[in-house]
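Derivation of every value follows stated rules applied to the coordinates shown; laboratory data play no part. Predicted model only: the values in this text are computed from it and were never measured. Counting neighbours? That spans all protein chains shown, and the Cβs are built from the backbone with ideal geometry, glycine included.
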Amino acid sequence: MKFRSLLPLLFVGMLASGASAAPEANTKVGTANPSRIFEESQEFKDFKEKLELRGKELEATAQQKKAAIGDLMRQMHELKPGSPQYKNKAAEIDAAKGELQSWGAITQAALDRENKYFAKGMYEKIEAAVGDIAKKEGLDLVVTDGRREPNNIEGMSYAELRGLLASYNVLFSSKNVDLSEKVIASLDKNYAAAKGK
């Protein structure tokens, strides 16, 4: 009976000695800052510039629509209150205001959708570029390093600052493990090639 109770211990001992005999692999780790990569990539800069231009165009369109409503209101005030023309002009104003509100909601939804698809596509490109560079450099793992120095701690509450500091995934890394510059260069190269087609 004592022999049977020793069998599991003997087996565990064999496993332990076998595990210690196996060579230990050194895990190579790198870091990348997706937010920095995103914001410093040429594709994002071009997208942001395009959005700013589009925003100005949309603001101009909104101002034209508001001016048209203002014109309708001035025309209505020249009419006799309660007259059929006055009521028709009031209905026309209501329709123009409704159309402006609807146009604004549809336009905002389209912009939000465009931003979301761009961000998702850009993140996928960042992820692929990080993977390619990590493979070339023989890395086993790349960790997100999203550390940012708070710009103005005076403008933050204690809870906000603690939340920001607690969100850091990496507390220390040397510059030679940060792949961000290489990823930005890779993305810019691929973007320029695709843009030139």
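A compact table of results
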item	result
Percent RCO, i.e. relative contact order, over the chain, from Cα pairs under 8 Å lying at least 6 residues apart	41 percent
Cα lying deepest toward the dipole's positive end in the range 82-160, options 100, 141, 82, charges on Cβ	82
Dipole axis of the chain (+1 Lys, Arg; -1 Asp, Glu on Cβ), positive-most option in 55, 187, 123	123
Cα-centred dipole magnitude for the chain, charges only on beta-carbon of K, R (+1) and D, E (-1), debye, nearest 20	440 debye
Radius of gyration and Dmax over the Cα atoms of the range 38-93, both given in Å	20.1, 61
Point-to-point label distance, residue 110-residue 74, nm (Cα→Cβ direction, 7 Å offset)	2.9 nm
With 5 Å bins from 0: P(r) over the chain, alpha-carbon pairs, percent	1, 6, 9, 9, 9, 9, 9, 7, 7, 6, 6, 5, 4, 3, 2, 2, 1, 1, 1, 1, 0, 0, 0
FRET E, pair residue 193, residue 167, Förster distance 30 Å, beta-carbon r, rounded to 0.05	0.30
Point-charge dipole on Cβ atoms (K/R +1, D/E -1) for the range 87-197, about Cα centre, debye to 20	340 debye
Cβ-Cβ FRET estimate between residue 35 and residue 99, R0 fixed at 45 Å, reported to 0.05	0.70
FRET E, pair residue 54, residue 148, Förster distance 25 Å, beta-carbon r, rounded to 0.05	0.35
